[in-house]
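Report on the following structure.
The values are calculated or read from the model by the stated rules, or taken from the named source; none is laboratory data. Everything numeric here is computed off the predicted structure, so don't read it as measured data. Reconstructed Cβ throughout: ideal geometry from the backbone, glycine too, with neighbour counts over all protein chains shown. Accessible surface is based on the protein model in full, side chains and every heavy atom, while ligands, DNA and RNA are left aside. Shrake-Rupley method; radii C 1.70, N 1.55, O 1.52, S 1.80 Å.
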Amino acid sequence: MSVRHSGIGMTSDRTRARMIERLREQGIRDIDVLSAMSQVPRHLFVGEVLALRAYEDTALPIGFGQTISHPYSVARMVEVLRAGKPLLKVLEIGAGCGYQAAVLAKLSREVYSVERIASLLGQARRTIRELRIPNIKLKHGDGNAGLPEMAPFDGIILAAAAERPPPSLLTQLTDGGRMVLPCGLGESQRMLLIERQGDAYHEQILEMVRFVPLLPGVA
Ligand code: SAH
């Protein structure tokens, strides 16, 4: 790993342990999710200026009008996606700085993550390379289309809110596959869990959430 942010190494171990305690208090039960998040150095995914705040329970700006997801949102969505079982092939839409992909990589055989903003993807690539995470493939593109060439996926997770579940993503789930996404506009977003069973899709509405919108096209 690089010496980037090395000055806060000790501090970040302590603050990361506190973040995990907080996630437990907030109701995250999956010990594998908590363990993955205790291993991923979240401060390396935000700019140096914000590194000291990386473990606060908040979304932080990562440039280009985007944010690194709230630790609780990452923990909760990954917990719901996994349902206590290891994942094989996962698709994430909205790589952003790559943090959630790094958490998913600890819990899955392969992670594919699509990001529409090329410069953000460049930053994520650098961090993932520095951390030598071998099982993440980052792609530049519009996640609304998914990644048909790599489908099907047993897990699909969206880091940006869709008005409704994108139809091409539904078709890229395996039979038995699960998709977790923030859905709806503005103030009225809900987290949805969709499970595919053959040609049927069972939908469950979970808690209220607040995410940036899923936008069309690439930038
Ligand atoms: N996964 C990130 C969260 C990033 S915020 C984390 O771990 O913190 C959501 C990201 O979704 C933004 O970077 C945004 O650019 C991206 N996004 C929005 N619409 C998209 C689309 N159609 N395809 C791919 N990425 C998209």
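When the accessible area of the chain is computed with all protein chains present and a 1.4 Å probe, what percentage of it is carbon and sulfur?
Here carbon and sulfur together make up 55 percent of the probe-accessible area.
Can you list residues whose amide H is under 5 Å from residue 212's amide H, if they're 5+ apart or on another chain and H is modeled 1.01 Å from N?
Under 5 Å from the amide H of residue 212: 161.
Among 149, 48, 130, whose mean-square fluctuation peaks in a Gaussian network model of the chain (Cα, cutoff 10 Å)?
Most flexible of the set in this elastic network: 149.
Round to the nearest 10 and give me the degree value, 0 to 90, for the angle of helix 9-25's Cα axis relative to the longest principal axis of the chain.
Approximately 40 degrees, to the nearest ten.
Could you derive backbone 3J(HN,Hα) for the range 207-219 from the dihedral phi with the Karplus parameters 6.51, -1.76 and 1.60 (θ = phi - 60°), listing whole Hz in sequence and x where the residue is Gly or Pro?
With the stated coefficients, the range 207-219 comes to 6, 6, 9, 9, 10, 5, x, 6, 9, x, x, 10, 9 Hz.
Could you pull the accessible area for residue 202 with a 1.4 Å probe, rounded to 10 Å²?
So the heavy atoms of residue 202 present about 90 Å² to solvent.
Under a 1.4 Å probe, what is the accessible area of the chain per residue, stated in Å²?
Roughly 47 Å² per residue, with all protein chains present.
From the backbone phi of the range 60-73, what are the Karplus-calculated ³J(HN,Hα) couplings (6.51 cos²θ - 1.76 cosθ + 1.60, θ = phi - 60°) in whole Hz, Gly and Pro given as x?
With the stated coefficients, the range 60-73 comes to 10, x, 10, x, 6, x, 10, 10, 7, 4, 3, x, 4, 4 Hz.
If you line up the Cα atoms of the chain on their principal axes, what length do they span on each, largest first, in Å?
52, 37, 35
If you put +1 on each Lys and Arg Cβ and -1 on each Asp and Glu Cβ, how big is the dipole of the range 58-208 around its Cα centre, in Debye rounded to 20?
Working: 17 positive and 15 negative charges, 122 e Å.
It works out to roughly 580 debye.
Could you let me know the centre-to-centre spacing of the range 159-195 and the range 59-89, using Cα atoms, in angstrom?
Comparing the Cα centres of the range 159-195 and the range 59-89, I get a distance of 14 Å.
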